[in-house]
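> My questions all concern the structure below.
The values are calculated or read from the model by the stated rules, or taken from the named source; none is laboratory data. Model, not experiment: these values are computed from the prediction. Here the Cβ is made from the backbone with ideal geometry for all residues, glycine too, and neighbour counts use every protein chain on show.
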Amino acid sequence: MTKAVRIHAYGGPEALVYEDVDVPAPGPGEVRLNQTVAGVNFLDIYHRAGTHFANLTPPAVPGVEAVGIVESVGAGVTHVKAGDKAAYPLTAGGYAETRIISGEDVVKVPDGIDDKVLAATFMKGLTVGHMLNDLTTFKPGDFVMWHAAAGGVGMIGCEWAKHLGLNVIGTVSTEEKAERARAAGCDHPIIYTKENFAERVHEITSGELCQAVFDGVGADTWLDSLKCVKPYGVCATFGLASGPLPPFGFADIPSEGFVTRASVAAVSKTRDAYEKSSASFFEILKQGVLTPRIEHELPLKDAAEAHRRLESRQTTGSLILIP
């Protein structure tokens, strides 16, 4: 027997139950992974609550991101072997000491990358890399805006964007978070509780607006985010922290602008894309471009508390669970 956190019905953080589970030997194409660290993401909350992109059917183990050591592999698995470090960014089952996972869902982790740092950043990093590298084309000096710039994705986004030579605007809720965003490379933190961020973007950019706006907040920000995009720029939603997007119509879409939904699933649809995107992020970590900020480290049994902290939207940086 091994330990895991499972949901037996959709609900609040109290629906997360720490209990014994059986883990079989890996079948063909599968990997048995002894997990060292699991990341905590808003997608886990959606899965637990049965909202938004809820494709996890109870009883089930939530958690879509973890790092571990391969214990054994089934027939046909050749890209990892027993003893390798492996990670994955988008496969439920992360809140467990040991699990079975499809070999296609894991990638081998090179030497020199810390387990905790990777678990705290892998899914966020692949998401940021996808948005900065795939959704539009930037030139040095372009303006880009991140909502929740002091959060886990936001701080990675700010640092990576500065590495690309961009001017970074970010929204935050407090002066303390503004300072954190500045430390991560945000040139222009906007405290949205004190001023209208769309108006400030017009002022900051002298009416040029942003080549890209990346919105992981949703309901509270989306309509004003659309006002911040320059012609031929892009407004991308990648999360719904404040709720689903409000209805919007033709007149709300930026003139000659583009609206899209960004997902890490886009970089893991094929093996080649998955390996290429992962290698790009591993290199960014090795270069020291990012300063991962693990603000909350809790034992696996306290997964419910991790969800409470994340849902409160009072967190900065990343949360991880230690099996």
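> Looking at this structure, is residue 223 surrounded by fewer than 21 Cβ atoms within 10 Å (Cβ to Cβ) and modelled with pLDDT of 95 or more?
Yes; evaluated as a whole, the condition is true for this residue.
> Please go through the stretch 295-309 and give me each residue that is modelled with pLDDT under 90 and buried (at least 18 other Cβ atoms within 10 Å of the Cβ), ordered by number.
The answer is 296, and nothing else.
> Those residues that are over 16 Å from the mean Cα position of the chain (by Cα) and among the aromatic types (Phe, Trp, Tyr), I need them from the stretch 135-172; list them, please.
Correct list: 138, 143.
> Given (1) touching a helix residue (DSSP H, G or I) at 6+ places or on another chain (Cβ under 7 Å); (2) in a helix (DSSP H, G or I); (3) at pLDDT 95 or above, identify the lone condition not met by residue 182.
(1)
> Continuing with the same structure: Test of understanding: among 36, 78, which residue is among the hydroxyl-bearing types (Ser, Thr, Tyr), exposed (fewer than 15 other Cβ atoms within 10 Å of the Cβ) and not in a helix (DSSP H, G or I)?
None of the others qualify; the one that does is 78.
> Considering (1) at pLDDT below 95; (2) touching a Ser or Thr at 6+ places or on another chain (Cβ under 8 Å), say which one residue 21 fails and leave the rest.
(1)
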